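Asker: Submitted below is the structure of interest, expressed as structure tokens.
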Amino acid sequence: MQLFGWRFKGDVPTDKKYVVISVPHTSKIDFVWGEFAFSSKGVKPIIFIKKEAFKFPLGILLRRLGAKPVNRDRGAIGLVDQRIHYFNTNDEFIVCITPEGTREFRKKWKRGFYFIAQKAKIPIYLGYVDYNKKVCSIGERFDPTGDINADMESIRNHYKNLKPKPKHAEKFTFDFS
């Protein structure tokens, strides 16, 4: 990270289990900076990536970086339930999720990260990647209240105030729903 002028900002959570959302997500390189940031602090989150990306040779690299394939086929166990299973069967588990669900422009965030945290009774950390400041952070702790609309508004306001600069600004908005 230092070689390219990047740094990690903030503290590493002491929680054994949590969800980190990584915002904004507009480029494949976001994964690389996030992985460098986590590794620099000894944090080993799981990043779920569609199983189709795990074809040779990329699959070998993704597995070494701690990524796990996720089955998005119809009839498969739901994505939220797949992740909750990991939380329920591990003493320590950290997952990093991009709530946009894609690197393309989205006005609506997927809310699976919220349901995972709520059902597994774990906190959400409001992580970010800022290309202007060359900073990565796990961010502040957020505990879901159960009022998803109010909580999503609070999360939206957090990121609006923080204003992390995406790699591709045209692919991100702070006015998500």
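Asker: Residues that are at positive phi and outside any helix (DSSP H, G or I): does segment 108-119 have at least one?
Answerer: Of the residues in segment 108-119, the ones at positive phi are none.
Taking every residue of segment 108-119 in turn, none turns out to be at positive phi and outside any helix (DSSP H, G or I).
Asker: Going through segment 121-158 one residue at a time, which ones are among the aromatic types (Phe, Trp, Tyr) and under 23 Å from Met1 (Cα atoms)? Talk me through it step by step, then tell me what you get.
Answerer: So in segment 121-158, the residues among the aromatic types (Phe, Trp, Tyr) come out as 125, 128, 131, 142.
Across segment 121-158, the qualifying residues are Tyr125, Tyr128, Tyr131.
Asker: On the given criteria, is Asn88 surrounded by fewer than 14 Cβ atoms within 10 Å (Cβ to Cβ), touching a helix residue (DSSP H, G or I) at 6+ places or on another chain (Cβ under 8 Å) and among the polar types (S, T, N, Q)?
Answerer: Criteria met by Asn88.
Asker: Hey, another quick one. Please pick out the residue among Lys110, Lys133 that is over 17 Å from the mean Cα position of the chain (by Cα), under 26 Å from Val32 (Cβ atoms) and charged (D, E, K, R).
Answerer: Working: Lys110 fails: over 17 Å from the mean Cα position of the chain (by Cα).
Being over 17 Å from the mean Cα position of the chain (by Cα), under 26 Å from Val32 (Cβ atoms) and charged (D, E, K, R) holds for just one of Lys110, Lys133, which is Lys133.
Asker: Next question. If we scan segment 68-78, do we find a residue that is touching a residue at least 24 places away in the same chain (Cβ under 8 Å) and either among the hydroxyl-bearing types (Ser, Thr, Tyr) or touching a strand residue (DSSP E or B) at 6+ places or on another chain (Cβ under 8 Å) (or both)? Spell out how you get there, then give the answer.
Answerer: Quick first cut of segment 68-78, residues touching a residue at least 24 places away in the same chain (Cβ under 8 Å) only: none.
No - not one qualifying residue is present in segment 68-78.
Asker: I want to confirm something. Restricting to segment 140-161 and keeping residues that are under 16 Å from Glu100 (Cβ atoms) and in contact (Cβ under 8 Å) with a residue 24 or more places away in the chain, which single residue is surrounded by the most Cβ atoms within 10 Å (Cβ to Cβ)?
Answerer: Start the filter on segment 140-161 by keeping residues that are under 16 Å from Glu100 (Cβ atoms), which leaves 152, 155-156, 158-160.
In the following step, the residues that additionally are in contact (Cβ under 8 Å) with a residue 24 or more places away in the chain were identified as 152, 155, 158-159.
On the way: Met152: 17, Ile155: 21, His158: 16, Tyr159: 19.
Ranking the qualifying residues of segment 140-161, first place goes to Ile155.
No value in this document is a laboratory result; all are computed from the given coordinates. A quick note: this is a predicted structure, and the numbers were derived from the prediction, not measured. Positions of Cβ are generated from backbone atoms using ideal geometry, with glycine treated the same way; all protein chains shown enter the neighbour counts.
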